[in-house]
Amino acid sequence: MAKKFGISAVIIVILLAIGVWQRHRILIPLATSGERIMPREEANLPADGKPFGEEAYFYVVQLDAQTFAITEPYAWPRNVNYLIAGSERAMLLDAGVGFYDIRPVVKKLTDLPVTFIPSHLHYDHTGQGGYERIALVDLPHLRVRADGDEFTPNWGEHLGVAEGIAPTKWKIDEWIKPGSEIDLGQRKLTLHYTPGHTDNSISLLDKAANIMFTGDFMSAGRINAHYPTSSMGDYLQSAQKILKATMENPDISLRGAHAGKDGQLPRKSRGDIEILRDQLVKIKEGALNSTGSYPRLYAIKEDVVMQAEPRWLQDWSPTYPDKSLSEN
Ligand SMILES: [Zn+2]
């Protein structure tokens, strides 16, 4: 009897261990909204947004003469993609889930050659179409998987399984090293590697225009740090990195990649990143309480909640440790 009980206990422990180890594989397919397109009456439209085309799937908000936010108020992630142009070329940062084709919108907005660059490889940023030119952050762990210049995001990077969307194979035209400049002609962007949400997340900084495009690092109300390649250690290091990179831009606009429920463009401040950094230090020290079962929820500030792994599954070692960044 005791022996039988012992064997059952071992089996239960093994099943639980597999469940924890495979938690993302189990939970991500369940995470789909089930509702790809929001009923129009439930969608809020961005202020100053101009509808594109007859169907008006996209609303374009012009941020300055050469910068456009291309929003998708009817797609459930409420994507905000950015077209950032100089005098010679333009970058398209993100392309939504690809429920609708963003390329005609981009063509209408600029005659310049456009390079697509994803803020990270999640399927709700990569779109589903091909692009004339594609750039990707040059990271050893991505480069090692490329076949020449061909690269396909893997399961955990893409997560399209949530909606039955397979990753596309890309031909990468430009591998851009973290910290390097992208010259658009009379406009320069610096690509900063800002992992945390994923291990391939980037931000684009335009110091002169006082704007930084931060992808899913911090969008509207929610920070997601519980995905397969998320890391708390990366989040903390990237918060320090953003603060260092924007030291001369105290009132910079940080533009994320999703609108909130109100449909308005996401905008965070440098002060918000300082708060995030301080709260991450507290989480690391076990000094900030969390609620919920899985993911655990940490209140970062009154309007921002971080979804994270429970403490015993949190990973606090950065993917690429940077000794020049301190915690305070
Ligand atoms: Zn994401």
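What the table shows:
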{"read-out": "With at most 14 other Cβ atoms within 10 Å, longest stretch of the chain clear of loop GluC sites (Glu not before Pro) (DSSP)", "value": "133-247"}
{"read-out": "Within straight-line cross-link reach of Lys282, lysines at Cα separation under 17 Å, skipping those fewer than 8 residues along the same chain", "value": "Lys301"}
{"read-out": "Of the trypsin sites (Lys or Arg not before Pro) in segment 180-280, those whose Cβ has at most 16 other Cβ within 10 Å and which sit in DSSP loop", "value": "Lys207, Lys261, Arg267"}
{"read-out": "Built amide H within the under 5 Å cut-off of Ile134, gap 5+", "value": "Phe116, Asp173, Glu174"}
{"read-out": "Cα lying deepest toward the dipole's positive end in segment 178-281, options Pro178, Met212, His192, charges on Cβ", "value": "Met212"}
{"read-out": "Estimated D of segment 43-313 in µm² per second, where Rh is the Kirkwood radius over Cα pairs and Stokes-Einstein applies at 4 °C, 1.567 mPa s", "value": "69"}
{"read-out": "Phi-based couplings in Hz for segment 268-276 (Karplus 6.51, -1.76, 1.60; Gly and Pro marked x)", "value": "10, 10, 4, x, 5, 6, 4, 4, 4"}
{"read-out": "Förster radius 30 Å - calculated FRET efficiency between Glu174 and Ala65, Cβ distance, rounded to 0.05", "value": "0.75"}
{"read-out": "Phi to ³J(HN,Hα) by Karplus 6.51 cos²θ - 1.76 cosθ + 1.60 over segment 102-107, Hz, x for Gly, Pro", "value": "7, 4, x, 5, 4, 4"}
{"read-out": "When each of Lys107/Lys261; Lys177/Lys268; Lys50/Lys177; Lys188/Lys284; Lys171/Lys284 is checked by Cα-Cα distance, pairs over 32 Å", "value": "Lys50/Lys177; Lys188/Lys284; Lys171/Lys284"}
{"read-out": "Global form of segment 105-237, assessed from the alpha-carbon gyration tensor, a/c cut-off 1.5", "value": "rounded"}
{"read-out": "Nitroxide proxy distance, nm - points 7 Å out along Cα→Cβ at Lys301 and Thr110", "value": "3.0"}
{"read-out": "Cβ-based charge dipole, the chain, positive-most Cα from Thr110, Ser253, Ala9", "value": "Ala9"}
{"read-out": "Estimated FRET transfer efficiency (Ile14, Ser290; beta-carbon r; R0 22 Å; 0.05)", "value": "0.20"}
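Laboratory data are not the source of any read-out in this text; all were calculated from the coordinates shown. Note that the structure is a prediction, hence the values are computed from the model and not measured. Methodologically, a virtual Cβ is constructed for each residue, glycine included, from the backbone with ideal geometry; neighbour enumeration extends over all protein chains shown.
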